[in-house]
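The values are calculated or read from the model by the stated rules, or taken from the named source; none is laboratory data. Because the structure is a prediction, the values reported are computed rather than measured. Because the Cβ atoms are built from the backbone with ideal geometry, glycine has one as well, and the counts that use them run over all protein chains shown. To get the accessible areas, we keep the full protein, side chains included, count just its heavy atoms, and leave off ligands, DNA and RNA. Shrake-Rupley method; radii C 1.70, N 1.55, O 1.52, S 1.80 Å.
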Amino acid sequence: MSQPRRYLLTGASSGIGEALAHQLASRGYDLVLASRRVDNLKALAAELSSKHGRTVVALPLDVTDYAAAQAIVGQAAEALGGLDGVIANSGIAMSSKVGKGHFDDDKRIIETNLTGAIATLDAATALFRQQGHGHLVALASVAGKVGLPANAGYSASKFGLIGYVRTLQAELAGKPIHATLLLPGFIDTPINRSMQKRPFVIDVEKGAALIADHIDNKRRFAYVPGWPWALLTPLLSLLPPSLIGKYF
C-alpha cells in the first residue's frame, strides 16, 4: 500500500502554485490549497478533486498574518487527517530601483516571500518533529544567488530564504524530516512578465512538472530547470555587479 502524501501548498491560486497543484493532484497527492484569493482556490480545488479523485481543500491565507501562517499548518493537518509535507510557495514581486521611493514595496515583498515563508516552515517543522516525519519544501529563486537589478527587495527575500532553509537542513541532518530547497529560474507567470529580460524562460506547466519531480524524489537542492541554471548561476555570482545588468 502506498504511503500517504498529504501536502499543504501556499500561494496556490495562480502562477507556479496553481500549475503545481494540478501536477501534484494528478500524481496522487491530497492537498490543502492556501492563498488570499479564496474564490479562485475553491474553483481550483473542486476541479482537481473531480478530475483526479483526490481530497483537495481550499483555505484562506495571507502569509503576512504570521499567526495565520503558523496556524494553517494545523488546519491543513486537520482537514487532511494528517500532514506529510508543506510547500512554502507564496510570493510576490515588484520591480523598482533602490532609492526611488519604493521602500514600502520592498518591505511587503520581504514580509511575504521571506517572513511569511519562515512562519509557515517554522510551524511545519514543529509538527514534523513531534510526529517524527515530514517534508519541508521552499521555493526560492536564482535571484537568491544573483541579485537582479531593479529587484533588490525580491532578491533580498530569496537570499534570506536560501539561508534559512540551508540552516534548517543542517539542524535536521540525521532526522527523518526532509527539507527541499528549489531555485527556479525564469518561469513564465504574471509575477515576472513585466521584466525586460527573462533569459531561458520556460512555460509554467514545464516548470511545475520539474518542481513536482523534485518533490516526489525529496531532492535536497535543485535549480529549475537544471540546465542552464545549475552551471550558469554559480558563474554569474562570481561576476562583478557592474556586469550583471548586461544579462538581466
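Among the residues of segment 1-19 satisfying the criterion of being hydroxyl-bearing (Ser, Thr, Tyr) and either modelled with pLDDT of 95 or more or not in a loop (DSSP other than H, G, I, E, B) (or both), which is surrounded by the most Cβ atoms within 10 Å (Cβ to Cβ)?
Step by step, filter segment 1-19, then rank; the result is 10.
Can you tell me which of (1) open to solvent by 40 Å² or more (accessible area, probe 1.4 Å); (2) polar (S, T, N, Q); (3) under 23 Å from residue 156 (Cα atoms) is the one residue 75 doesn't meet?
(3)
Might you let me know whether segment 21-33 holds any residue that is basic (Lys, Arg), open to solvent by 10 Å² or more (accessible area, probe 1.4 Å), farther than 21 Å from residue 224 by Cβ and not in a helix (DSSP H, G or I)?
no
Return the only residue of 46, 68 being in a helix (DSSP H, G or I) and surrounded by 15 or more Cβ atoms within 10 Å (Cβ to Cβ).
Result of the check over 46, 68: 68.
How many residues does segment 170-186 hold that are in contact (Cβ under 8 Å) with a residue 40 or more places away in the chain and either under 15 Å from residue 133 (Cβ atoms) or touching a strand residue (DSSP E or B) at 6+ places or on another chain (Cβ under 6 Å) (or both)?
Going through segment 170-186 one residue at a time, the tally reaches 11.
Which residues, taken from segment 31-62, are more than 19 Å from the chain's Cα centre (by Cα) and modelled with pLDDT of 95 or more?
Within segment 31-62, 42, 43, 46, 47, 48, 49, 50, 51, 52, 53, 54, 55 qualify.
Just checking, how many residues over segment 63-113 are under 19 Å from the mean Cα position of the chain (by Cα) and acidic (Asp, Glu)?
4
Quick check on residue 59: is it open to solvent by less than 30 Å² (accessible area, probe 1.4 Å) and either assigned to a helix (DSSP H, G or I) or of a type in the set (A, V, I, L, M) (or both)?
In short, no.
Take the residues in segment 191-212 that are at pLDDT 90 or above and closer than 19 Å to residue 146 by Cβ; name whichever of them is surrounded by the most Cβ atoms within 10 Å (Cβ to Cβ).
207
Could we say that residue 232 is assigned to a helix (DSSP H, G or I), surrounded by 12 or more Cβ atoms within 10 Å (Cβ to Cβ), aliphatic (A, V, I, L, M) and under 20 Å from the mean Cα position of the chain (by Cα) here?
no
Pull out all pairs, ordered by first then second residue, where Cβ-Cβ is under 9 Å, the residues are six or more apart or on different chains, the first lies in segment 47-59 and is within 14 Å of residue 19 (Cα to Cα), and the second is basic (Lys, Arg) and open to solvent by 60 Å² or more (accessible area, probe 1.4 Å).
Going by the 9 Å Cβ cut-off, the qualifying pairs are 48/54.
Could you go through segment 176-190 and let me know if any residue there is surrounded by fewer than 18 Cβ atoms within 10 Å (Cβ to Cβ), under 17 Å from the mean Cα position of the chain (by Cα) and under 30 Å from residue 241 (Cβ atoms).
The answer is yes, given that some residue of segment 176-190 is surrounded by fewer than 18 Cβ atoms within 10 Å (Cβ to Cβ), under 17 Å from the mean Cα position of the chain (by Cα) and under 30 Å from residue 241 (Cβ atoms).
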